[in-house]
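The values are calculated or read from the model by the stated rules, or taken from the named source; none is laboratory data. Since this is a predicted model, take the numbers as computed values, not measurements. Because the Cβ atoms are built from the backbone with ideal geometry, glycine has one as well, and the counts that use them run over all protein chains shown.
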Amino acid sequence: MSAKVLILAASLGALMTVPMLAHHSFGSEYDSKKPLKFEDAVVTKVEWTNPHARFYVDVKDSSGKVTNWNFELASPNVLKRNGWTRNTLKEGDHIGVEGAAAKDGAHLGNAQRVTLPDGKRVFAGSNTDGQ
């Protein structure tokens with residue numbers, strides 16, 4: 001009987017640590033000294049998931065080349081407290097986005113502020129908001 005309890009406790013403990021291992025700090029992946037600012041990005045996908053919501057945008061450079069960027073947001077719960085809903089961003093929306101770039105040069109960023117199609121600015125719930 002005690003072996004079954006031990007196995008159950010170990011299994012539950014392992015399941016609870018998986019999300020913590022997947023989580024990361026801002027500084028481990030992003031560089032606040034590499035600011036990003038896109039004024040006319042087109043939303044291509046939105047993922048309303050834990051531990052971080054994400055959205056993807058197409059950004060056109062001065063030569064016309066389009067690059068898809070992946071932006072991390074806070075968790076859905078934090079976003080809701082900041083006034084977001086699942087429908088705040090929709091595919092096809094033209095938005096502005098400000099944030100910090102990934103340290104490794106990937107087309108990945110941590111969104112801090114988003115300007116919606118109607119001009120309203122919303123905060124992404126990042127620990128770097130307001131800087």
Quickly run through region 40-78 and pick out the residues that are in a strand (DSSP E or B), within 15 Å of G109 (Cβ to Cβ) and either at pLDDT below 95 or of a type in the set (K, R) (or both).
K45, R54
For region 62-93, what are the residues that are more than 18 Å from V122 (Cα to Cα) and β-branched (V, I, T)?
V66, T67
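Give the residue, chosen from L79, L89, that is surrounded by 14 or more Cβ atoms within 10 Å (Cβ to Cβ), touching a residue at least 24 places away in the same chain (Cβ under 8 Å) and touching a strand residue (DSSP E or B) at 6+ places or on another chain (Cβ under 8 Å).
Numbers: L79 fails: touching a strand residue (DSSP E or B) at 6+ places or on another chain (Cβ under 8 Å).
After applying the criteria, what remains is L89.
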What's the number of the only condition in (1) at pLDDT 95 or above; (2) outside any strand (DSSP E or B); (3) over 14 Å from the mean Cα position of the chain (by Cα) that Q131 fails to meet?
(1)
Which one of the conditions (1) touching a residue at least 12 places away in the same chain (Cβ under 8 Å); (2) touching a strand residue (DSSP E or B) at 6+ places or on another chain (Cβ under 8 Å) does V66 fail to meet, given that it meets all the rest?
(1)
When region 92-108 is examined, which residues are found to be of a type in the set (A, V, I, L, M, F, W, C) and either surrounded by fewer than 12 Cβ atoms within 10 Å (Cβ to Cβ) or under 14 Å from the mean Cα position of the chain (by Cα) (or both)?
V97, A100, A101, A102, A106, L108
For residues that are under 19 Å from G105 (Cβ atoms), in a helix (DSSP H, G or I) and not aromatic (F, W, Y), scanning just region 1-39, find the one that is modelled with the highest pLDDT.
E29
